[in-house]
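Undergrad: I'd like to ask some things about the structure below.
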Amino acid sequence: MSEELTFWEKLARIDRRVFYWILFIGLMVPFIRPLGLAITVSPSTRDLYEELRRVQPGDVCLINIAFGVSAWPECMPATAACTKLLIRQGAKLIIIGPYYDVDLSYEELKRRCAEDFAKLKYGEDYVYLGFYAGGEAVVAQLASDFRSVFPTDAYGTPLDELPMMKNINKATDIRLVLSSDTGDWCSYYIRQWRIPYGVPLAEIGIAMLGSEYMPHYRAGILFGMSVGVRGGAELEKLIGEPADATIRMDAINISHILVIIAVLLGNIGYFASRGKRR
Amino acid sequence: MVKREEENMAIIVEGRGMALVILVLSYILFYVFMYLGRKGREIPVRTLPPMAAIPEGIGRAAEMGRPVMFTPGIAGDLNDPTQGPQVLAAISILGYIARECAKTGVKLDVFMPIPTALPLTEETLRTAYMAEGKPEEFSPDMIHFIAEQSPYLTAVLGYFQRERPATNFLIGGFYYESVVMGEAGNAIGAFQIGGTANIHQMPFLVATCDYMLLAEELYAAGASISKDPDILGCLRGEDIMKFILVALMIIGFLLGFARVDILVKALGW
Amino acid sequence: MSEVLRREVVYLITAITTIIMFVEFFFIGTWSAAEELRTWAIIIANIALGLGAVRLLAEHVRNIQRRRAGVWPFSIWLIILFVVMFLSGLTGYAAKHDPSSNPVYNWLFKWPYTSLGQTLYAITGFYIFSAAYRAFRARNIDAALLLIAGCFVILTNATVGEVIWSGIPVIGRWFLDYGQVPGMRCFLIVAAFGMLAYGFRALLGRERGFYGEVAGE
Amino acid sequence: MPYPTDPAGIAGLWVAWLLMLMIYSYPLYKENLAFRFAEHTYIGITLGVSLIVAMSNVIRIAIVPMLQGKYHYIIPIILGFMMYSLLVPRYRWVSRYPIAILVGAGFGLGMRGVLIPNITQQVISTITPPATGAGAVDWWNYIYIAIGTICAVMYFVLTWEHRGGLGYATRLGRWIIMIGLGAYFGNTVLFRMAMLSGRAQFFLQVLKIVPM
C-alpha cells in the first residue's frame, strides 16, 4: 500500500469525498444558473395527460399523497402539475394520504397550486380528508364505504356537511385516482379499486416505481404514468408551466453526467493499472 | 371462533385454486425430502460462498482486534409478510455468527431497529454464547436498539467511524440504508457480507459487499453450515418445484407461438 | 411441563396462526379470526416499541454512568430531547387528540425532525455515486453487463442521453422495460420458494433458529 | 414551503439547515462532534415521535374499541405487555407467546401472499405471447424474457451441480441477473439524485441565493 501509486492507480482509487464535494456543488449550479436542456415527453406521461384532459367539469377525482416530506423533490412536481390540470378541467378533488406528515405535504401542494386553489371553495370544489392508516385493508374499505374510514374531513367536519361529498361514498363515485407513491400504495389501489371496480388509475410517484408498474401500464391497468421528477418535468412542459421539476432536471442531468464520468474514470484507472501490473 | 356465513358449491376462492395446488405440492415435496433426509439420504448442496466466508470475516476481526457488526436492516415487524420472514432468517444466521464470535472472543455489536425482534435476538445471542461455554461474555448491551429507519442509519454511520468494525454483516430486510451502510462500511475498509430478499436493494448490496446472499439463499443459508437434513430436504423440494415451473414455462412458451393459452388459463384458476 | 410451555406451545401458536391465515385466503367464507389476529399483531407490535425505548434509554444511561469517552454528553442531550418531545407530544395529545397541537412538539417535528429525515433520505445520493464508481468496473463479463445496463439506463433517465446519441434512450428503455424483467422475475420466484420452505419448517416447529435454538440440539 | 417570517419559523429553518450540514459533514469530511450532535438529536426526537405515534395507535386500535364494548381487545394488550418480560430474567420466555402470534401472522400472510404475485403471475406473464399484430421486436422480447427467466431460475438450483446443460443455462442465467441488477441500479440513481438535489436547493434557499 505504501509504495508510490502511478497516475492510473490513483485514478482507480480516488477518495470518495472528492466525488461527494463535486456532486454537492454540481447539484447547486443549475438552481443558480438553469441550463434549460430540452425535455421530450414519454408515451406514459402523454397518456396520463390526455386522460386528465378528458375529465369533465364536476367529475370527482381522488389524489392519494402517498409520500412523506422527504420525497417532495421527486414526487411533488408531478402531483402539483396534475392537480393544476384537474382544477382547470373543472374537476372536484378529494385529497388523502397515508403518511402522518401528510398535512405538511397538503399545505405544500396548495402553495404550489396557489393560483388555482384560490378560485376554488373548500367543501364544494375540493376536500381534504387527511391521514389514514392501515395499508391495503383500509384501501379496500375505502372502496366500499368512504365514511367508515373518514367519518369527518381532516378538520373534523362530518362528510355529510360537505356539499361536495353528498353523493360520494364509494369507488364507483370517483372518476379517477392518482396515486403518488414511494411505496406499495398503487398496488393496493390496483387490487382494491382498479380490478374490482374498474376505476381508472395512474401512478405519479418515484422513478423506481416506473419500472415496477411498467407492466401494469402496458397491460392497460394504469391509464398513464409519470416517472419521478422527470415525469414531473414532462408534465410541466405539457401544461406549459415550467416549474420546480424543469429546473431539477438540469440538476439530474449534471449528476448523471458526473456518475458516468466517475464510472469512466474508474474503468480507465482499472484497465490502465492492470495493464501496468502485467 | 371461525364462522361460515354462506354455503356454496365452490369452497375455494376464485382465482386462488392454482395457488393452493402449488402450496400443497410444495409442502408435500418438502416433507418427502425432509423425511428421506432424516432417513439418511445424501443430498449434495452447493456451498454458499457467503456462509463459508463468515469464519474468515470473524477471524479477520480477531486479528485486527476490532468488533464485528451485524444488522438486519430496517425491515419491518415480525408480522410483516415480506420483511418478517427475512428478519427471522437473519436472526438464524446471527446465531451462527454469534457462536463464531464467542469462539474467537471477538466483540459483536448488533444493531436491531425492530422492537418485536428484540427478545428473539437476545435469546439467540444468549444461547450461542452458552453453547460455546461462555455465557458470562453475553450481555444485552451488545444489542443496540434505535427507533425508525433514518435515525438507525445515523447511529450505524456514527458507530462505523467511532468503533471501526472489521467485518459487517448486512443481512436481512433492507431498504434505502443498504447502499449507505455498504459504502460507508467500505470506506472504513470493512469486510462485508450482505444478504436480502428485497429485490430493490439487491443491486446495492451486490455492489458494496464482498459476498452476498441473494433471495432464496438467505433462507437456505442455514443448510450450508449445519447440513441439517430438514433444511437440505426442503432445498431439494424447492429445486424440484423450480424444475416443474421451468418445464411449465418451456411448454407454455412453445404453446405461445401457436397462441394456445390453455396453460395461462390453468394457472389463473 | 415448563419445557412444553416454553417451547411446544409456542410453536403450536405459530402454526395455528399461520393456518388461520391460509384458511382465510383460500376458502370462501367470512373468517373473522384471521382479521382479528392481524389486528392483535398490530397492537402487540405497537406496544413492543416501548420495550425498544427502554433498551435505548438504558444504553444511554449506561453511557452516562460510565462516562463513555466522546459520547456521554451526547447521551444526556439525547435523553433531554426525548423527554421534551415525549412530554410535549403527550400534552398535545391529551389536549386535542393531536400531538402537533403542542407548539414545542410541532416545532421539533416540523423543523429538525423533517429536515433530518430529508437529509438522511437524500444522503444515498452521495453513496450511490461512489458505489457506481467502484462497482461499475468491467472486471469480468458479469460486471461488464452490470456496467452496460446501468450506464444506458442512467443516460436514458437524464435528458442529456438523447443529446449525446439518439440511440441511447432506445436501448436504455429496452433495458428498463424488458432487459431487467427476467432477472427481477427470477428473484421473485426463487425468493417465494425460499419463504415457502422456511415457513413450512416453522409451521412444523422444525425451524427454531430464530427462537434461539441451535439446529440439531 | 415559503420562507418563514415568524421568529420561530426562521429559527427552525436555520436549525434545519445547520443540522443538514452537520449530517453531511460525515460524507464530506468524516465523523466529528457536529455529526455526533445531529445523530443524537435525531435519535432522541424520533424516539419521542415514535412512542407518541405508537401510543396513539394503541389507543385508536385497541383502547377505544375496547371501551366501546370489544372487551376481548384486552388480550392483545396483555400479550403486548408480555413482551416486557424480557426485562425480567426469570420470565424471559413469556415474551415468546406474543412473538409466536407475530411470527405466525408474518409467515401466514407472507406465504399466501407470494403464491400468486410471485409465482403464478410471473409464469403467466412469461408465457403470454405478444398480442396479435405484434412485430418482430415484440417476439424477440417474448423469447428473451422467457429464456432469460428460465435460465435465471436455474441459476438458483442449489442441490444439483451446475455441470453440462445445467452449467450453460446457469451461466446465461447469471448474466441475465446482472443485466437486471445493473438496470435497476441505474434507475435508482435518478430518484436518489432528485432527493439530493432537493437538499442542494434547500442549502441555497436558506441563504436566499435562490427563492424558496
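The values are calculated or read from the model by the stated rules, or taken from the named source; none is laboratory data. These numbers come from a predicted model, not from an experiment. FYI the Cβ positions are ideal-geometry reconstructions off the backbone, even for glycines, and counts take in every protein chain you see.
Undergrad: I need the full set of residues from segment B:56-78 which are among the acidic types (Asp, Glu) and either closer than 24 Å to D:GLY80 by Cβ or not assigned by TED's automatic domain parsing to the domain that holds B:THR121 (or both), in order please.
TA: The first filter runs over segment B:56-78 and keeps only residues among the acidic types (Asp, Glu), leaving B:56, B:63, B:77.
Scanning segment B:56-78 gives a single hit, B:ASP77.
Undergrad: If you don't mind, there's one more thing I want to ask. Which of the residues spanning segment B:118-151 are within 23 Å of B:THR82 (Cβ to Cβ), more than 20 Å from the chain's Cα centre (by Cα) and part of a helix (DSSP H, G or I)?
TA: Passing the criteria: B:SER150, B:PRO151.
Undergrad: Can you tell me which residue is nearest to A:VAL227 (Cα to Cα) among those in segment A:149-195 that are in a loop (DSSP other than H, G, I, E, B) and aliphatic (A, V, I, L, M)? Steps first, please.
TA: Filtering segment A:149-195 for residues in a loop (DSSP other than H, G, I, E, B) gives A:150-151, A:153-157, A:162, A:166-170, A:174-175, A:182-184.
Filter once more, keeping what is aliphatic (A, V, I, L, M): A:154, A:162, A:168, A:174.
On the way: A:ALA154: 29, A:LEU162: 34, A:ILE168: 30, A:ILE174: 24 Å.
Only one residue fits best here, namely A:ILE174.
Undergrad: Related question: Kindly indicate the residue of segment B:127-138 that is buried (at least 19 other Cβ atoms within 10 Å of the Cβ) and either modelled with pLDDT under 90 or facing chain C (nearest Cβ under 8 Å) (or both) and also farthest from C:LEU51 (Cα to Cα) among those meeting that condition. Quick ask: steps written out before the conclusion?
TA: Here is the first cut: in segment B:127-138, the ones buried (at least 19 other Cβ atoms within 10 Å of the Cβ) are B:127-129, B:138.
Next cut, either modelled with pLDDT under 90 or facing chain C (nearest Cβ under 8 Å) (or both) only: B:127-128.
Working: B:THR127: 21, B:ALA128: 23 Å.
Result: B:ALA128.
Undergrad: While we're looking at this one, here's another question. Restricting attention to segment A:51-96, report how many residues are not in a helix (DSSP H, G or I) and not basic (Lys, Arg). Spell out the reasoning first.
TA: Just the residues of segment A:51-96 that are not in a helix (DSSP H, G or I), to begin with: A:54-68, A:89-96.
Keeping just the survivors that are not basic (Lys, Arg) gives A:55-68, A:89-91, A:93-96.
So the answer is 21.
Undergrad: Take residues that are within 7 Å of chain C (Cβ to nearest Cβ), more than 25 Å from C:GLU8 (Cα to Cα) and touching a Leu at 6+ places or on another chain (Cβ under 9 Å) and tell me which of the helices (runs of 4 or more DSSP H) falling wholly in segment D:74-185 contain 2 or more.
TA: Details: elements: D:74-82, D:96-114, D:121-127, D:136-155.
Ranges flagged: D:136-155.
Undergrad: When you check B:MET181 against the structure, is it within 10 Å of chain D (Cβ to nearest Cβ) and either assigned to a helix (DSSP H, G or I) or among the hydroxyl-bearing types (Ser, Thr, Tyr) (or both), yes or no?
TA: No: the conditions fail for B:MET181.
Undergrad: May I ask you to say which residue of B:THR196, B:THR167 is buried (at least 24 other Cβ atoms within 10 Å of the Cβ), of a type in the set (Val, Ile, Thr) and touching a strand residue (DSSP E or B) at 6+ places or on another chain (Cβ under 7 Å)?
TA: Working: B:THR196 fails: touching a strand residue (DSSP E or B) at 6+ places or on another chain (Cβ under 7 Å).
After ruling out the rest, the residue left standing is B:THR167.
Undergrad: Going by the conditions given, is D:ILE209 in contact with a Phe, Trp or Tyr (Cβ under 9 Å, 6 or more places away or on another chain), among the aliphatic types (A, V, I, L, M) and more than 7 Å from every other protein chain (Cβ to nearest Cβ)? Step through it out loud before you land on a result.
TA: On the way: in contact with a Phe, Trp or Tyr (Cβ under 9 Å, 6 or more places away or on another chain): yes; among the aliphatic types (A, V, I, L, M): yes; more than 7 Å from every other protein chain (Cβ to nearest Cβ): no.
The answer is no for D:ILE209.
Undergrad: Filter segment A:109-130 down to the residues that are within 11 Å of chain D (Cβ to nearest Cβ) and surrounded by fewer than 18 Cβ atoms within 10 Å (Cβ to Cβ) and list them by number. Please lay out each step first, then the result.
TA: Our first condition is that a residue be within 11 Å of chain D (Cβ to nearest Cβ); within segment A:109-130, this holds for A:111-112, A:114.
Scanning segment A:109-130 gives A:ARG111, A:ALA114.
Undergrad: Output the residues belonging to segment A:136-147 that are surrounded by fewer than 16 Cβ atoms within 10 Å (Cβ to Cβ) and either closer than 22 Å to C:ALA41 by Cα or among the charged types (D, E, K, R) (or both).
TA: Quick first cut of segment A:136-147, residues surrounded by fewer than 16 Cβ atoms within 10 Å (Cβ to Cβ) only: A:136-137, A:141, A:144-145, A:147.
Those that are surrounded by fewer than 16 Cβ atoms within 10 Å (Cβ to Cβ) and either closer than 22 Å to C:ALA41 by Cα or among the charged types (D, E, K, R) (or both): A:GLU136, A:ALA137, A:GLN141, A:ASP145, A:ARG147.
Undergrad: Oh, and also: Look through segment B:243-269, keep the residues that are within 32 Å of the chain's Cα centre (by Cα) and assigned to a loop (DSSP other than H, G, I, E, B), and return whichever of them is nearest to D:SER125 (Cα to Cα).
TA: B:GLY268
Undergrad: Hey, could you check segment A:22-58 for residues that are in contact with a strand residue (DSSP E or B) (Cβ under 6 Å, 6 or more places away or on another chain) and of a type outside the set (Asp, Glu) and say which is surrounded by the most Cβ atoms within 10 Å (Cβ to Cβ)? Outline the logic, then answer.
TA: Here is the first cut: in segment A:22-58, the residues in contact with a strand residue (DSSP E or B) (Cβ under 6 Å, 6 or more places away or on another chain) are A:44, A:47-48, A:51.
Cutting the leftovers down to of a type outside the set (Asp, Glu) gives us A:44, A:48.
On the way: A:SER44: 23, A:LEU48: 29.
Out of the qualifying residues, it is A:LEU48.
Undergrad: Please find, within segment A:223-260, the residue that is surrounded by the fewest Cβ atoms within 10 Å (Cβ to Cβ) out of those that are within 12 Å of chain C (Cβ to nearest Cβ) and either touching a His at 6+ places or on another chain (Cβ under 6 Å) or among the hydroxyl-bearing types (Ser, Thr, Tyr) (or both).
TA: A:THR246
Undergrad: Looking at (1) within 16 Å of the chain's Cα centre (by Cα); (2) outside any helix (DSSP H, G or I); (3) modelled with pLDDT under 90, can you tell me which one A:ALA38 breaks?
TA: Condition not satisfied by A:ALA38: (1).
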